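The next block holds one structure in the form of C-alpha cells; read it before the comments.
Every read-out reported here was derived from the displayed coordinates using simple, explicitly stated rules and does not represent laboratory data. Bear in mind the structure is a predicted one, so any value in this text is a computation, not a measurement. Cβ placement follows ideal geometry from the backbone for every residue including glycine, while neighbour counts extend to all protein chains displayed.
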C-alpha cells in the first residue's frame with residue numbers, strides 16, 4: 001500500500017508543478033499550492049513523519065512551495081545524490097579495483113575501495129583475485145596507505161550486526177558480509193572459509209556476532225531465509241579471503257617504504273548496476289565505497 005500512496009503523492013506533485021508552470025495567475029495557482037501542501041501534510045505515508053519539501057523555479061529564481069524548508073534535517077539519503085554526481089564525474093566509465101607495485105620478486109598490492117569483488121548483490125566480479133592468482137611473484141598485501149574509520153561520523157555503533165551498516169574498507173571482499181541461506185535441510189554459507197566460525201543453536205531464531213571478532217552464533221530460521229551479517233574487515237579477513245580465492249599465500253607487508261604514487265591501477269568498466277543499487281536501495285555501503293574509489297582515482 002505504501003507504494004500506491006507514494007505514486008499518488010508523486011502524481012499530485014507533478015500536477016502541481018504543471019499548474020504552477022502555466023501562465024495562469026491568482027486563485028488557480030493558490031488553490032493548487034494549498035492542495036499540494038495538504039496532500040503532503042495528510043499523506044498516509046508522511047503524516048506521522050517530519051517532512052520537508054521545497055520546490056524552486058530555477059528559471060524565474062523564485063520559490064514556489066515551501067513546507068518546513070527552514071527547519072533543520074538530518075540529510076540521510078538525500079546526500080547520496082551528491083555521491084552519485086561525484087562518482088559520475090570522477091569515475092566516469094571505469095573504476096579502480098586494485099593497485100600494485102612490482103619490486104624485485106615481489107608484487108605489492110592494495111585495494112582501491114571497489115565493492116564489487118565477489119559481492120553477492122552483483123554479478124560476481126573476479127578481476128582482482130584472478131589477477132593475483134595469475135602472478136608468479138610473492139604476494140604482499142600492504143594497506144598501510146589507508147587511514148579511515150570503519151564507520152562514518154554519526155553511525156550508531158550498536159547497529160554493527162545489521163546489513164545496512166556494513167564496514168567500509170579499502171579492499172572489500174564478498175560485500176564485507178557473511179551470507180547464510182537456509183534451503184530445505186541445508187545451509188549455504190558464503191564465504192565458505194567462515195564455516196568453522198559459525199555455531200548453530202536450535203532453540204533460537206536470532207543471530208549474533210561479538211563486536212570484536214568474526215565468530216557467529218546463528219539460530220534456526222525458516223526455509224529460504226537469507227541472513228546477511230557484517231564482518232570485521234581487518235587485514236586478516238582480507239588475507240584469508242584472498243588466500244581462499246587464489247590458493248596462494250598472501251604475505252604481510254614487509255615493505256615499510258614504497259612509493260604508492262608509482263602504482264599501477266587495474267580498472268573495470270563501471271556497471272550501471274552499482275548506481276541502481278545506490279539510488280534504488282539507498283545502499284549505505286555502496287555510497288561509502290564509491291566515495292573511497294573517487295579518492296583513489
Return the equivalent ellipsoid semi-axes of region 197-297 as a descending list in whole Å, where each equals the square root of 5 times an eigenvalue of the C-alpha gyration tensor.
32, 23, 12
May I ask you to give the average projected area over all directions of the convex hull of the Cα atoms of region 63-220, in nm² rounded to one decimal?
15.3
List 221, 255 from most exposed to least, where exposure is judged by having the fewest other Cβ atoms within 10 Å.
255, 221
Measuring from the longest principal axis of the C-alpha atoms of the chain, the long axis of helix 27-42 (C-alpha) lies at a number of degrees, nearest 10, equal to 40
Compute the angle between helix 284-296 and the longest alpha-carbon principal axis of the chain, please, reported from 0 to 90 degrees and rounded to the nearest 10.
70
May I ask you to work out the translational diffusion coefficient for region 91-175 at 37 °C, viscosity 0.692 mPa s, via Stokes-Einstein with Rh from the Kirkwood sum over Cα pairs, reported in whole µm²/s?
225
Taking 8 Å as the Cα distance limit and 6 or more residues as the minimum spacing, I'd like the relative contact order of the chain as a percentage.
22
Specify the residue with the greatest mean-square fluctuation among 235, 130, 257, computed from a Gaussian network of the chain linking alpha-carbon atoms under 10 Å apart.
257
Please determine, in degrees from 0 to 90 and to the nearest 10, the orientation of helix 235-246 with respect to the longest principal axis defined by the Cα atoms of the chain, where the helix direction is its Cα long axis.
70
Which whole-percent values make up P(r) of the chain when all C-alpha to C-alpha distances are grouped in 10 Å steps starting at zero?
5, 22, 26, 21, 14, 9, 3, 0
Over region 140-275, equivalent-ellipsoid semi-axes from the Cα gyration tensor in Å:
30, 17, 16
